[in-house]
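Input: one structure, supplied below.
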Amino acid sequence: DSGVTQTPKHLITATGQRVTLRCSPRSGDLSVYWYQQSLDQGLQFLIQYYNGEERAKGNILERFSAQQFPDLHSELNLSSLELGDSALYFCASSLYGQGGETQYFGPGTRLLVL
Amino acid sequence: GDSVTQMEGPVTLSEEAFLTINCTYTATGYPSLFWYVQYPGEGLQLLLKATKADDKGSNKGFEATYRKETTSFHLEKGSVQVSDSAVYFCALSDWDQAGTALIFGKGTTLSVSS
């Protein structure tokens, strides 16, 4: 158990809908990362937060947004969903969000868009 | 930009065979290198890491050495077990436009039979 929790585990929704994925980092970790894993794109970085502030953006679509709250949990919002958004979404956390730190991954949320 | 290339799978071995999974990287700075493992239906777990050239990471019988001259971080294990069957990801973390996000290879599926 990495100490990172993600809810829900599974999500089935329809095209055009909006969903929110939630992540609680390991106790004490200040930085949260979101990744998308799909068969065709592999594991791709979406966005990083550190202590409530956005630190870096990767291949995140404009339809997607995220935030990190004062209690350090994070939410990833996916809107106007398309079939191609079906994927496994992982949250990871690390202590200070610095290079070389181990990132601890949650179990993921599997999103299926029908 | 930074990238990671790892050997395509699947790799199929018999129990107690020697394992090598090749990984090479391209980076503009001084990256840290990681091997993560993903068991079926689970999130990613750190297997080992190395933060500077010539460092050797090791864990559970797995080893990898950070070779700057060949930009490589090959994963090895002397005697694999059925329980090692999983997907293995090579990754790097560097201070660049993507902050400290992990950049992953496509993953190598290992299947070990008894």
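Tell me which residues, restricted to region A:45-66, are under 22 Å from A:T13 (Cα atoms) and touching a Gly at 6+ places or on another chain (Cβ under 8 Å). Spell out the reasoning first.
Step one: filter region A:45-66 for residues under 22 Å from A:T13 (Cα atoms), giving A:46, A:60-66.
Hit for region A:45-66 is A:L46, nothing else.
Does region B:56-67 hold any residues that are surrounded by 15 or more Cβ atoms within 10 Å (Cβ to Cβ) and assigned to a loop (DSSP other than H, G, I, E, B), and which are they?
Start the filter on region B:56-67 by keeping residues that are surrounded by 15 or more Cβ atoms within 10 Å (Cβ to Cβ), which leaves B:57, B:62-67.
Selection gives B:Y66 alone.
Where the second residue is part of a helix (DSSP H, G or I) and open to solvent by less than 10 Å² (accessible area, probe 1.4 Å) and the first is at pLDDT below 95 and lies in region B:79-101, which pairs have Cβ atoms under 8 Å and are six or more apart or on separate chains?
none
B:E76 - would you say it is in a strand (DSSP E or B) and either of a type in the set (K, R) or surrounded by fewer than 20 Cβ atoms within 10 Å (Cβ to Cβ) (or both)?
Answer is yes for this residue.
Still on this structure: Out of region B:79-111, which residues are over 21 Å from A:G97 (Cβ atoms), open to solvent by 10 Å² or more (accessible area, probe 1.4 Å) and either more than 15 Å from the chain's Cα centre (by Cα) or within 14 Å of chain A (Cβ to nearest Cβ) (or both)?
B:S79, B:Q81, B:V82, B:S83, B:V87, B:K106, B:G107, B:T109, B:S111
How many residues are in contact with a Pro (Cβ under 9 Å, 6 or more places away or on another chain), part of a loop (DSSP other than H, G, I, E, B) and either buried (at least 23 other Cβ atoms within 10 Å of the Cβ) or among the aliphatic types (A, V, I, L, M) (or both) if we restrict to region A:77-114?
The total comes to 1.
Follow-up. Enumerate the pairs (first residue in region B:28-43 and closer than 13 Å to B:T71 by Cβ; second residue anywhere and assigned to a loop (DSSP other than H, G, I, E, B) and at pLDDT 95 or above) with beta-carbon separation below 7 Å, excluding pairs fewer than 6 apart on the same chain, so at least 6 apart or on different chains.
Cβ pairs passing all conditions: B:L33/B:Y66; B:L33/B:F73.
Let me confirm something: among A:L21, A:L11, which residue is more than 14 Å from chain B (Cβ to nearest Cβ), in contact (Cβ under 8 Å) with a residue 24 or more places away in the chain and open to solvent by less than 50 Å² (accessible area, probe 1.4 Å)?
On the way: A:L21 fails: more than 14 Å from chain B (Cβ to nearest Cβ).
Testing whether each residue is more than 14 Å from chain B (Cβ to nearest Cβ), in contact (Cβ under 8 Å) with a residue 24 or more places away in the chain and open to solvent by less than 50 Å² (accessible area, probe 1.4 Å) leaves just A:L11.
The values are calculated or read from the model by the stated rules, or taken from the named source; none is laboratory data. Computed from a predicted model, the values in this text were never measured in an experiment. FYI the Cβ positions are ideal-geometry reconstructions off the backbone, even for glycines, and counts take in every protein chain you see. Surface accessibility is based on the protein's heavy atoms, side chains included, excluding ligands, DNA and RNA. Shrake-Rupley method; radii C 1.70, N 1.55, O 1.52, S 1.80 Å.
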